[in-house]
Amino acid sequence: MATATPQKSVTHQSNGAGADGSPAQSSARGFPKTYPAPTQLATPTDLTPEQAQAVTDAVNPLIADAFALYAKTKNFHWHLSGPRFRELHLLFDKQATQILESIDPMVERIRKIGGTSVRSLTHASKLQTIHDDNDEFVGPQEMVNRLLLDNRHIAQSLRAASETADENKDLATANLLEEFLDLAERRAWFLYEVAQTSEAVH
Ligand SMILES: [Fe+2]
């Protein structure tokens, strides 16, 4: 049975925490703070500023991670090789689309409570907690293993952020993140099963 082996190049930070354990603030150096928003973008809400900031700071790393995992999953969709090409090419494409479609609802939740989100891919890169993958070639089994680890990490982050939203009375964000948690666990489930099959094949 295959289990995902740790990806050497990845050092996941849990829940978007910085290296010093502090929350990954959306005020990445050189980029706009994502809370408080400029006056023109400060959408009124009945949440307190502290509650809105806590949710904004919890969700923005998830948005950055979604951009990063979308790019990684598409990268593997494009640069796949081997006898299982069709199966994995299609699986990665389906998962990438699902990840991409999670970005807009998460950003718009932040905007509804008066926060702001990433302005660019470089801004996202400052907030993401999964690592990009720039290897020249990755074998199909290793692709599956890496995506499995990343999706598990994102599921863990989604669960934590959902709890933060719930604790701060942002029930709509908590519910949305729970939906995406289910999808992340579904992606991890498929990848886990594919990993077992692929080891039997190779
Ligand atoms: Fe394609």
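The values are calculated or read from the model by the stated rules, or taken from the named source; none is laboratory data. This is a predicted model, so every value here is computed, not measured. Counting neighbours? That spans all protein chains shown, and the Cβs are built from the backbone with ideal geometry, glycine included.
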Residues that are within 16 Å of the ligand (Cβ to nearest atom), surrounded by fewer than 20 Cβ atoms within 10 Å (Cβ to Cβ) and among the polar types (S, T, N, Q): does segment 46-55 have at least one?
no
Kindly list the number of the only condition in (1) modelled with pLDDT of 95 or more; (2) among the charged types (D, E, K, R); (3) surrounded by fewer than 16 Cβ atoms within 10 Å (Cβ to Cβ) that fails for GLU199.
(1)
Taking into account only those residues within segment 68-84 that are within 14 Å of the ligand (Cβ to nearest atom) and assigned to a loop (DSSP other than H, G, I, E, B), which is farthest from GLU136 (Cα to Cα)?
LEU80
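What helices (runs of 4 or more DSSP H) lie completely within segment 93-202 and have 3 or more residues being within 27 Å of GLY82 (Cβ to Cβ) and over 15 Å from the mean Cα position of the chain (by Cα)?
Because the criterion is at least 3 residues that are within 27 Å of GLY82 (Cβ to Cβ) and over 15 Å from the mean Cα position of the chain (by Cα), the helices (runs of 4 or more DSSP H) in segment 93-202 that meet it are 140-167, 171-201.
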If we scan segment 44-56, do we find a residue that is touching a Leu at 6+ places or on another chain (Cβ under 6 Å) and not aromatic (Phe, Trp, Tyr)?
no
Of all residues in segment 22-45 being at pLDDT below 90 and within 19 Å of the chain's Cα centre (by Cα), which is nearest to ILE130 (Cα to Cα)?
ALA24
Scanning segment 97-124 for residues that are within 16 Å of the ligand (Cβ to nearest atom) and surrounded by 21 or more Cβ atoms within 10 Å (Cβ to Cβ) gives ILE99
Please indicate, with yes or no, whether at least one residue in segment 73-89 is under 13 Å from the mean Cα position of the chain (by Cα), at negative phi and surrounded by 14 or more Cβ atoms within 10 Å (Cβ to Cβ).
yes
